[in-house]
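In what follows, a single structure is set out as structure tokens and then discussed.
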Amino acid sequence: MKIDVAITPESFSDKDLEGKIVVVVDVLRASTTITAALARGAEKVLPLATVDKVKKSAKEYPQGKVLLCGEREGIRIPGFDLGNSPHEYEDSIVQGKILLYTSTNGSRMLVKTKKARKVYVGSFVNMSAVVKRLVMDGIDCFIVCSGREGKFSLEDTVCAGMIVDRMRENSPKGFVQLTDEALVANIVYEHFSNDLNKMINQSFHGRYLVELGMKSDLSFSISLDLYDTVPVMENGGLIKSTP
């Protein structure tokens, strides 16, 4: 099984996804929030690239069935029901709802990867579940880091590196082959493996969210294995699955 990692959003093409399982990682905060929402009872999360597409899609559903969700520059979009903090997506709010979701980085990446053989959402909060699913699939996988506005993101690379590390641990010796990018991600993870809290607070995006008063999102986003939920793309929307 070959494991590849796209460390930045611009470092791969559609052709790189062909026949592969793709894991989209956006620790702060799309992959964390989407996982939490589905684990808490949301029916589906429909990732959309723009605000206009969210508003247009909302007209296709009965009143009360959907929630408009998302952010720009970390802040809830005016007129939307929810922003991008996992703390907003409470069971009583999202239960049975379809979430029309757009974010600065994560939703755009999810839209970009729809042509892959299969798409999962990975994060620290569902780490073991994602690794278990990938090992069970047993075919080439491509972990893509959503990054920040097209650039490198420390927290996404560390998360990707942890997925790589766990897959190596849980696969027969010699079965997993790493690309150079996957090896780099693994090395970066190993550097921070004993102090994820330090990593997330030092990251550019982490510091930005602290400035916005969202420090609690950082500690939540690095909480390992809160959920046994693997969001999987089906007919353009993410639904809950378990390994």
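For the reader, a short list of remarks on this structure follows.
- Restricted to segment 55-77, and to residues there that are in contact with a Ser or Thr (Cβ under 8 Å, 6 or more places away or on another chain) and in a loop (DSSP other than H, G, I, E, B), the residue that is most open to solvent (accessible area, probe 1.4 Å) is E73.
- A single entry from D4, D26, D52, D14 fulfils the requirement of being surrounded by fewer than 16 Cβ atoms within 10 Å (Cβ to Cβ) and in contact (Cβ under 8 Å) with a residue 12 or more places away in the chain: D14.
- Among (1) touching a Gly at 6+ places or on another chain (Cβ under 9 Å); (2) closer than 23 Å to G70 by Cβ; (3) among the polar types (S, T, N, Q), the one test that N126 misses: (1)
- Meets criteria (among the hydroxyl-bearing types (S, T, Y), farther than 17 Å from L224 by Cβ and at pLDDT 95 or above) for S171: no
Per-residue answers, yes or no, for (1) crowded, with 22+ Cβ neighbours inside 10 Å; (2) β-branched (V, I, T); (3) in a helix (DSSP H, G or I); (4) in contact with a strand residue (DSSP E or B) (Cβ under 7 Å, 6 or more places away or on another chain):
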{"residue": "K132", "(1), (2), (3), (4)": "no, no, yes, no"}
{"residue": "F175", "(1), (2), (3), (4)": "no, no, no, no"}
{"residue": "L183", "(1), (2), (3), (4)": "no, no, yes, no"}
{"residue": "H205", "(1), (2), (3), (4)": "yes, no, yes, yes"}
{"residue": "Y208", "(1), (2), (3), (4)": "no, no, yes, no"}
{"residue": "S216", "(1), (2), (3), (4)": "no, no, yes, no"}
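- Evaluation of G150 against the conditions (1) touching a Pro at 6+ places or on another chain (Cβ under 6 Å); (2) surrounded by 15 or more Cβ atoms within 10 Å (Cβ to Cβ) shows that the sole unmet condition is (2).
So that you can scan it fast, the table gives a plain yes or no per residue for (1) of a type outside the set (S, T, N, Q); (2) open to solvent by 60 Å² or more (accessible area, probe 1.4 Å):
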residue: S146; (1), (2): no, no
residue: D156; (1), (2): yes, no
residue: N170; (1), (2): no, yes
residue: L178; (1), (2): yes, no
residue: Y189; (1), (2): yes, no
residue: N197; (1), (2): no, yes
residue: N201; (1), (2): no, no
residue: S223; (1), (2): no, no
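- Restricting segment 83-124 to residues that are open to solvent by 10 Å² or more (accessible area, probe 1.4 Å) and in contact with a helix residue (DSSP H, G or I) (Cβ under 7 Å, 6 or more places away or on another chain), the residue that is modelled with the lowest pLDDT: K115
- So F80, is it out of contact with any Gly (no Cβ under 8 Å at 6 or more places or on another chain), open to solvent by less than 40 Å² (accessible area, probe 1.4 Å) and either assigned to a loop (DSSP other than H, G, I, E, B) or modelled with pLDDT of 95 or more (or both): no
- Selection status of K97, closer than 20 Å to V5 by Cβ and over 15 Å from the mean Cα position of the chain (by Cα): no
The values are calculated or read from the model by the stated rules, or taken from the named source; none is laboratory data. Remember, it's a predicted structure, so these values are computed and weren't measured experimentally. Here the Cβ is made from the backbone with ideal geometry for all residues, glycine too, and neighbour counts use every protein chain on show. The protein model used for the area step is the full one, side chains on, heavy atoms only, and it has no ligands, DNA or RNA in it. Shrake-Rupley method; radii C 1.70, N 1.55, O 1.52, S 1.80 Å.
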